[in-house]
Amino acid sequence: SAPMVRMNTLVYATCFADAASSSELSLAYVKLIEQLAVFKGYSAAFCALKLAEEKFPSSTNSQIHLLKMQLLHERALHRGHLRIAQQICDEFGVLSSSVSGVDIELKTEASLRRARTLLAAKQFSQAAAVANSLFTTCYKYNMQVENASVLLLLAEIHRKSDNAVLGLPYALASQSFCKSFNLDLLEASATLTLAELWLALGSNHAKRALSLVYQSLPMILGHGGLELRARSQIVLAKCHLTDPEFSVSEDPCAVLDPLNQAAEDLQVLEYHEMAAEVYYLKAMTYNHLGKEYEREEAAARFKEHVTALENPRDEEDSLVY
Amino acid sequence: LSLFPPVRPPKKTSPKKPPTKQQAAMAEEQMEEASSSAAASGTPFQLQFDKPIPFQIKLAEWNPEKDLLAMVTDDSKVLLHRFNWQRLWTISPGKCITSICWSPDGKIVALGTEDGFVLLHDVENGKMLRSIKSHDVAIICLNWAEDEPLSRTDKEDLLSYEDRTTRFFPPAPVMPRIGGLNSGDTGLADENEEAIQAFSSASCQRFNILCTGDKDGCICFSIFGIFPIGKININKVPIHVQSSGKRTSYRLQDVSISKVSLSRNLHQLVLLCSGKLINTDNLSLSNDLSVGVHCLHLDTSIFSNRKNELHQVSQQASSIQDLVEVVRASISMMSKQWSNAMNLFHEKFSALPSLLTAHGMESSSEDEFMSLLFGTHTSPALHQFLVSSLGEAGLKRIAKTIESAGRELRIVVSEHLQPAVEIISFRLAELRGLARWRSRFQNIGLDEKLMDGVTERVGMLVVQVERFSRVAATVLYLFQNFLSWVLKCVKILLSEPTDQVPSTNSELVVIFLKFLLDKDPIKQLLETDQIFEWDIDTAKHVEHLVVFGGFTDTKFLERSLAKQFSELEESLKEAFLMPFTTVSSQIHCQGLLPLYPVTSSDALSSTSTPASIAFYKQDKDSQHNASSYSSTDYICFKIPDGSLNLRNFVAVIKDFCNSCSTSNTPSLSGFLLHIPVEYECVDLSLYKDNQVVLLLSGKSSSENAGRSWMVMLQTENLSFSQFSRTFPANYYNLQELEALELQLDTDYGKVRSVPHPLSTPLAVSASRGVACIFSSRRHALVYILDEDEDEDEDEGSEME
């Protein structure tokens, strides 16, 4: 339960501020900043991060440093600054000790992020290779949460490379993994991926995808971050749009409401790729409805995001905050 | 409920172990008569037994699942009997009970009282589970309808929602018991708590709604009988009637509801009420005739269309409300415990200042203790206080009391308060997730902003609880330290050995004297109207945390725990009021049918006129496929003598709802039944498979006095004639209906004579096929209404 994480951390930060050791307190702050990044967007998170760095000035404070790099990487990915993302990935790799079997968590995170960067760069085979090797490592060291998320990542890679059928078993495996370990949010996102995969298989699976989305929605909306929420809204709209029995002109709200909500969330997140998708869908919907003014507006926003994605102008900007 | 295995009515056996010889003889006589008459004329209903009961029964209702009969006596005792007339329990709630009904699963009996309470009692032991005040005046009728699993289609099954709380949390905490140490009846209390727990978890299995109608025309709906979801006032509902292309709006005044019934698919509600019908377009068109009994059809499709959402929300919300009660009880109990301990402490230590003034000294008690601590001198006043008025024994007593109070506080916080608050916050987070799903949950009024506010408040409460436990621990330690220091001093003054006394920290004694001798932070935290001043550091820290996503209300630490809790309650109330009002506003009146006029003098008695409403599934539904079945409503009522210039008539109407909503479905039809002159209808009830059971009692003037009849009519055998439901003002369409003569020897249905004058009520059970009737000579008679299949065959073969 995400709101409970925040609440309990706040309890700690408020009540035990005078008694706790600095490393524990900094951990509490790190958790809070993570929450901020996921739920309120990067600008708020970086603002808080600055304050936290002032509060714990010791440069050796690895937790805060790590957090900073994670946030920078996420933001670079979302903005489409792939070179920066790659650079941060390499830094991650350097951080961990070179002895095998040590710093496993850091290493898995590094390679997970590498795979995601590769995925964003559309180098699917390499991404899949990294993910596969990562899966074997995780399996070897019994890291169940990572196992599930790597499987999900693999499913995602196959989906993006238009191999929906290959992706299905991975998504299903991830889902059953999550079920047995009570990882509800991850399960919900696995279900969402499953829905996306079904949707990719053709419009006659739209009903099934829709019911899958409905299944995962309460969980995602309650506890998921901005990105996940926006994704689920997009999938919901897509399900409606691909369903041959659904007609936009009859019930435009069923499509436009989720899309608007997704656009709002993505604005905060600065996620160009998905925002572009949202505006594309919006423009299409308005086109169907015959609302030209709105269509033009959505199309313009779509163009904006696409150009931002394709010409990462201010790459240096990504490292400052 | 393994206690009550379903009992099939035994075939033609006399009741086991009759209490007295006389009764046994009587019962045998009855049986003989029954069998002989059955042999002679094929008497249809078999008499199971005939038992005297020492009460006048006012209301009776069979359990829908088990062979249990709940009865309410004239002096408002509730009795529960098994089918073999073994009494299970008797309770007297101490209030006048005006209505009764069972929950659909038969585990709870709901009682409506004269002062507007709904009481829910456990079937196992008769313990009260809840008491909910939803009305201001007497509740006349109750109806508890459950959603049918049949109406659920495959698509909705995928939307099934899991309550995750049980997976992540241990069972919810229960209310702390008051006076935990010395209560002798702990066993009982435990059982009760368990029952409540079981109740809240078990009742959430399937969606059901309890409707209650009161004397002033209000109808309340509550999910699971506990979570209020809607309330409408019939006096304020506009009624639009389409008559000959023209739309006329009406309104009812001085409504008193006499019967409500919600269909099994929760789609429609039919109610009978008496009141004055007013044409709002043309007020002059009302006269005496417009006062009468009317039949209304309300569209409650919101319940069936949104049942998944309502189910989820009410499931979470009702358990949140339970937990809020737990928190409230915990806080009040802690404050009681602590103030008891503090009273003792202050009582003892207040002797010191008066002693000081008696000795003519101007110093305060704090100064005196300080000087004692730093060894300057011991004033005679303090010496006297410590040695004689306080003494070692008194000191030890205080120490013991405070220690035990502290232990209680710790237990309450750790076992009740904290888990309760935690589970509340988890459930609220789930609810917030649902609230974010706007397209589904906004139309049942779950508001995202309000839920956010509540989540924020509960977060602050969690912090407050944590702070409270910290403060309590500190204060307790300081008290302990101080008291053992004082004990040491006393021993020194008495020149006794001090090696038994634990060592003390004099620094902490100073802190105690400075901050605790006159103040009481625990009490402050438990009272609502206290304001705390926190040092600048903490305030800054809290403001700082806002940047990190902390609570935006930075002043929350100034509030006390109790204040924070009451704020949480307020916002919860506000948040849950939204669904309540939203749902209420979506219940509309669909149709109206004036049944019969009543003169204002007997308007009061009209509520007791026998009537029955039931919904039956339509068997042959050619137009729709099997999944979307529809149901037919049957309304059966007695027309009071003199009304509509009819005497001794009973009316049966069907398809009222369907005629309101659509035009192509079978239209409104019905018939009137004329009861032979020498009898009067005492009570009536609809029974399964479209049958009507009538109780006729001989009029006292005729020669048939003392003889009665129970009649079961197959309505399909009777000719329904259609009649129009459009009406001009003050016109009662019932007059158009054909009147049939009921003859007791015809083959309309089954007839059986009863050798007693009968009185209300008549209780029939469709699931068990039995009827219980009550004679005015305080006898209860149970009849089997339909024989088993094999018995029917037997009889058939006998006839052959």
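Just so it is clear, none of the values below were taken in a lab; they were calculated from the coordinates. Note that the structure is a prediction, hence the values are computed from the model and not measured. All Cβ positions, glycine included, derive from the backbone under ideal geometry; neighbour counts span all protein chains shown.
Overview of results
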| item | result |
| --- | --- |
| Pairwise centroid distance, computed over Cα atoms, of segment B:566-589 with segment B:118-145, Å | 21 Å |
| Extension gain (nm, one decimal) between B:Glu124 and B:Leu493, 0.36 nm per residue minus Cα-Cα | 126.5 nm |
| C-alpha long axis of helix A:272-289 to longest principal axis of chain A, angle in ° | 20 degrees |
| Lys pairs, segment A:144-292 - Cα-Cα below 22 angstrom, 8 or more residues apart or on other chains | 8 |
| Whether segment A:225-312 is rounded, prolate or oblate, judged on the alpha carbon gyration tensor where a/c under 1.5 counts as rounded | oblate |
| Violating pairs (Cα-Cα greater than 25 angstrom) within the set B:Lys58/B:Lys259; A:Lys50/A:Lys303; B:Lys699/B:Lys750; B:Lys127/B:Lys307 | A:Lys50/A:Lys303; B:Lys127/B:Lys307 |
| Förster radius 35 Å - calculated FRET efficiency between B:Glu415 and B:Glu366, Cβ distance, rounded to 0.05 | 0.45 |
| Centre separation in Å (Cα based) which lies between segment B:343-403 and segment A:106-128 | 74 Å |
| Value of relative contact order over segment A:225-312, rounded to a whole percent, pairs C-alpha under 8 Å and six or more apart | 27 percent |
| Relative exposure of B:Ser404, B:Ser263, B:Ser318, judged by other C-beta atoms within 10 Å (fewest first) | B:Ser404, B:Ser318, B:Ser263 |
| Vicinal HN-Hα couplings computed from phi for segment A:302-307 (Karplus, 6.51 cos²θ - 1.76 cosθ + 1.60; Hz; Gly/Pro x) | 4, 4, 3, 5, 5, 5 |
| Under-5 Å amide H pairs with B:Trp102, H placed in peptide plane, nonlocal only | B:Ala110 |
| Built amide H within the under 5 Å cut-off of B:Gly230, gap 5+ | B:Phe221 |
| Mean residue ellipticity (222 nm) of chain A, computed from DSSP H runs ≥ 4 via -39,500 (n - 2.57), nearest 500 | -26500 deg cm²/dmol |
| P(r) of chain A over all Cα-Cα pairs, binned every 10 Å from zero, in whole percent | 6, 23, 34, 25, 10, 2, 0 |
| Chain A: relative contact order in percent, alpha carbon pairs under 8 Å with at least 6 residues between | 15 percent |
| Per-pair calculated FRET efficiency, R0 = 45 Å: A:Glu54 and B:Glu448 via Cβ, rounded to 0.05 | 0.85 |
| Burial ordering of B:Lys750, B:Lys400, fewest other beta-carbon atoms within 10 Å first | B:Lys400, B:Lys750 |
| Helix A:82-95 vs. chain A, principal-axis angle (Cα, 0 to 90°, nearest 10) | 30 degrees |
| With Cα atoms, 0 to 90° folded angle of helix A:22-40 axis to chain A main axis | 10 degrees |
| Placed amide H near B:Arg130: partners under 5 Å, 5+ positions off or other chain | B:Leu120 |
| Label-point separation in nm, A:Leu95 to B:Val387, each point 7 Å along Cα→Cβ | 7.1 nm |
| Residue-span extension gain [B:Lys400 to B:Glu716] - 0.36 nm each, minus C-alpha spacing | 105.8 nm |
| Residue-wise HN-Hα coupling along segment B:118-123, computed from phi with Karplus coefficients 6.51, -1.76, 1.60 (Hz; x: Gly, Pro) | 10, 10, 10, 10, 6, 6 |
| Difference of contour (0.36 nm per residue) and Cα-Cα distance, A:Tyr139 to A:Lys303 | 54.8 nm |
| Spatially proximal lysines relative to B:Lys519 (Cα-Cα < 24 Å; intrachain offsets below 8 disregarded) | B:Lys336, B:Lys348, B:Lys396, B:Lys400, B:Lys488, B:Lys555, B:Lys563 |
| Label-to-label distance, nm, for residues given as B:Asn305 and B:Ser131 (7 Å Cα→Cβ offset) | 3.9 nm |
| Euclidean distance of C-alpha centroids, segment A:240-255 and segment B:678-693, integer Å | 52 Å |
